1. Shape call for the stretch 34-93 from the C-alpha gyration tensor, a ≥ b ≥ c root eigenvalues: rounded (a/c under 1.5), prolate (a/b greater than b/c) or oblate?
2. Work out which chymotrypsin sites (Phe, Trp or Tyr not before Pro) in the chain are exposed loop sites (DSSP not H, G, I, E or B, at most 12 other Cβ within 10 Å) and give the longest gap free of them.
3. Let me have the 222 nm mean residue ellipticity of the chain computed from DSSP H runs of 4+ only, each contributing -39500 (n - 2.57), with the sum over all residues rounded to the nearest 500.
4. Sort out the exposed loop trypsin sites (Lys or Arg not before Pro) in the chain (DSSP loop, at most 13 other Cβ within 10 Å) and tell me the longest stretch that has none.
5. Students often get this wrong, so try it: which of [x] 19.4, 64; [y] 18.5, 57; [z] 21.1, 68 is Rg and Dmax of the Cα atoms in Å as calculated from the structure shown?
6. Ordered by residue, what ³J(HN,Hα) values in Hz, to whole numbers, does the stretch 77-92 give under the Karplus form 6.51 cos²θ - 1.76 cosθ + 1.60, where θ = phi - 60° and Gly and Pro are x?
7. Please report, ordered by residue number, every helix of the chain (full DSSP H runs) that is 15 Å or longer along its axis going by C-alpha atoms and whose mean Kyte-Doolittle hydropathy reaches 0.5.
8. Considering the zone a paramagnetic label at Val102 would reach in this model (a point 7 Å from Cα along the Cα-to-Cβ line), which residues of the stretch 155-171 have amide N under 17 Å from it?
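Derivation of every value follows stated rules applied to the coordinates shown; laboratory data play no part. Remember, predicted model here, so these are calculated numbers, not experimental data. All Cβ positions, glycine included, derive from the backbone under ideal geometry; neighbour counts span all protein chains shown.
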Amino acid sequence: MTEAQKIEYEAQGYLVLEGGLDSGELAEFRTAFDRVSEDDSLEDLPNGDDRFIHLALHPTFFPIVHRILSDDVQIRTLCGRVYAPGNEGMEWRREVAGLLGVAHEASTLCVQVHIHLDETPDNGTCIAVVPGSHRFKSGLQLPDLDSVEAMPHAKLLKVEAGTTILLHGNLWQAQTRNGSDVTQRCIRFEFVHCWMRQHLPELSPESIEIISESHNLSQLFGVGEDFNEVAKGYWFRTIEGYPTSTGLPERRFSELKVAGKGFVPNS
């Protein structure tokens with residue numbers, strides 16, 4: 001993750017990674033996606049094709065997700081989305097709004113990854129965001145609007161095929177209506193911390209075998225002896241092969257000896 005990307009993500013709450021999938025990868029994932037879609041299994045992507053399992057560690061976005069969340073990163077959800085002509089989109093929301101008792105404006109509990117298999121056509125559906133809103137306090141209410149586009153300061157993220165978008169879970173986000181005659185396809189991940197609950201489908205024996213061949217995939221999908229039962233090492237298992245990350249923003253803690261004893265100068 002470059003310094004420019006760090007600054008942009010911290011300031012805006014999202015990143016747009018153009019060309020996340022090259023033309024060959026794009027063709028492969030479109031074919032796999034359509035086949036799984038025909039079986040009505042878009043909520044079951046990990047079992048539909050092992051390409052979607054290995055996609056979790058794609059070098060375009062995973063090192064950035066790891067840097068944002070920390071070494072204990074794990075997958076919460078992996079699914080496919082189809083936006084047919086006339087799809088009404090989604091109203092403004094915060095993905096982590098249901099997680100209570102958290103200062104979300106100072107925390108990073110979720111990073112959403114949207115991998116677009118099609119470009120945004122004229123009047124097509126696209127993600128809308130309010131830049132910087134991931135730092136809004138949770139008590140700030142979303143306005144009652146007649147349309148997604150009516151949100152003040154909203155930005156519509158229209159993309160080329162193969163583009164990957166990363167969103168902070170606390171960012172104000174929405175999805176516009178698909179007013180075009182083109183169907184759009186998207187692969188969506190949610191990454192969280194390993195101590196948070198996952199919402200993945202039950203993995204098939206074949207998928208578990210593939211995942212178990214990789215330490216990092218095992219951590220991301222919650223597979224392995226540390227995860228089959230409540231294990232002593234659960235809280236301490238971490239991603240390997242990447243520079244150690246404590247997440248963004250950099251986590252700093254007061255010394256225990258000064259906690260509750262007023263203020264001390266910064267050093």
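1. oblate
2. With a cap of 12 other Cβ atoms within 10 Å, the longest stretch comes to 1-194.
3. -6500 deg cm²/dmol
4. Here the longest run is 1-136.
5. Answer label, from the structure shown: [x].
6. Per-residue couplings from phi come out as 9, 8, 8, x, 10, 10, 10, 6, x, x, 3, 7, x, 9, 6, 4 Hz.
7. none
8. It comes to 167-171, nothing else.
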